[in-house]
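The values are calculated or read from the model by the stated rules, or taken from the named source; none is laboratory data. Treat the numbers as computed from the prediction; the structure is a model and nothing was measured. Counting neighbours? That spans all protein chains shown, and the Cβs are built from the backbone with ideal geometry, glycine included.
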Amino acid sequence: MAPDTSHLPLTGSHDNTSRAGGPGAVPSADLFSPAEPGLPVMERFYTLQGEGFHSGKAAWFIRLAGCDVGCVWCDVRDSWDAARHPVLPIDQLVREASSSPGRLAVITGGEPLMHDCSGLTARLRVAGFATHIETSGAWPLTGDWDWITLSPKKFKAPLPAIAPLASELKVVIYNKSDFDWAESWAAEMNPGCLLYLQPEWSRSETVTPLIIEYIKHHPRWRFSLQLHKYIHVP
Ligand code: SF4
């Protein structure tokens, strides 16, 4: 019997309220132009969402390539240069996603909003997917999203327009000053936005106790663990 490789990432070398829209939204016809370009993709894989409100849910991830944010602690630096990754047709990306039983698609990066996500999200919705994005917010929002995770980065701040549209705010804590950064963005969110603090992985041992104490004193925040790193899935 052939080994089950459905859990393995498909990398480019082998061929990441006020919500926008809803799962039943019908895309406009002009999003289906045959001239529609593809998107640079670093990898795509079926796994469990490890972060934020939807942690633990089965999800198809598409990690678009390209990022100009430049986080010093970035753990997906291979995504930064989009030219190193293949441009794949949207039809192919949706067909691959549809091969899994889950109907939650998470578009991540890199910084996915460096690309026009309209065509991809329209087709994913037609295929029955809820569309989620994880973004730094540093580029203008495109696409139709059921869930927007805004993860603001000091290295290139978000554009203000995305703040009231975010479903959850997820701030990575690398050192103590990041709590002030988190609060400054929390003040920009709509009242229904969920607020998460997440330890930066390499500093987890140091900052996790700080986050626990912070949340105990500021209980509107929640803790986001990178579950996937503990259960060893992509
Ligand atoms: Fe890395 Fe994400 Fe920061 Fe870009 S925004 S540098 S991909 S952590």
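Summary table
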{"item": "Pair list, Cβ under 6 Å, 6 or more apart: the stretch 118-134 residue part of a loop (DSSP other than H, G, I, E, B), other residue surrounded by fewer than 24 Cβ atoms within 10 Å (Cβ to Cβ)", "result": "ALA127/VAL94; ALA127/SER98; GLY128/ARG103; PHE129/ARG103"}
{"item": "Test for VAL41: is it over 30 Å from PRO191 (Cβ atoms), within 16 Å of the ligand (Cβ to nearest atom), modelled with pLDDT of 95 or more and among the β-branched types (Val, Ile, Thr)", "result": "yes"}
{"item": "Some residue of the stretch 90-105 being within 16 Å of the ligand (Cβ to nearest atom) and under 15 Å from the mean Cα position of the chain (by Cα)", "result": "no"}
{"item": "Residue satisfying all of: in the stretch 174-191; among the small types (Gly, Ala, Ser) and within 19 Å of the chain's Cα centre (by Cα); surrounded by the fewest Cβ atoms within 10 Å (Cβ to Cβ) among these", "result": "ALA186"}
{"item": "Within the stretch 72-88, considering residues that are in contact with a helix residue (DSSP H, G or I) (Cβ under 9 Å, 6 or more places away or on another chain), of a type outside the set (Phe, Trp, Tyr) and assigned to a loop (DSSP other than H, G, I, E, B), the one surrounded by the most Cβ atoms within 10 Å (Cβ to Cβ)", "result": "HIS85"}
{"item": "Matching residues in the stretch 114-133 - criterion: being within 13 Å of the ligand (Cβ to nearest atom) and either buried (at least 24 other Cβ atoms within 10 Å of the Cβ) or at positive phi (or both)", "result": "ILE133"}
{"item": "Of all residues making up the stretch 146-160, the number that are assigned to a strand (DSSP E or B) and touching a Cys at 6+ places or on another chain (Cβ under 6 Å)", "result": "1"}
{"item": "Residue identified as within 12 Å of the ligand (Cβ to nearest atom), farther than 17 Å from TYR214 by Cβ and outside any strand (DSSP E or B) among GLY137, GLY143", "result": "GLY137"}
{"item": "Single unsatisfied condition, VAL72 versus (1) within 10 Å of the ligand (Cβ to nearest atom); (2) under 16 Å from the mean Cα position of the chain (by Cα)", "result": "(2)"}
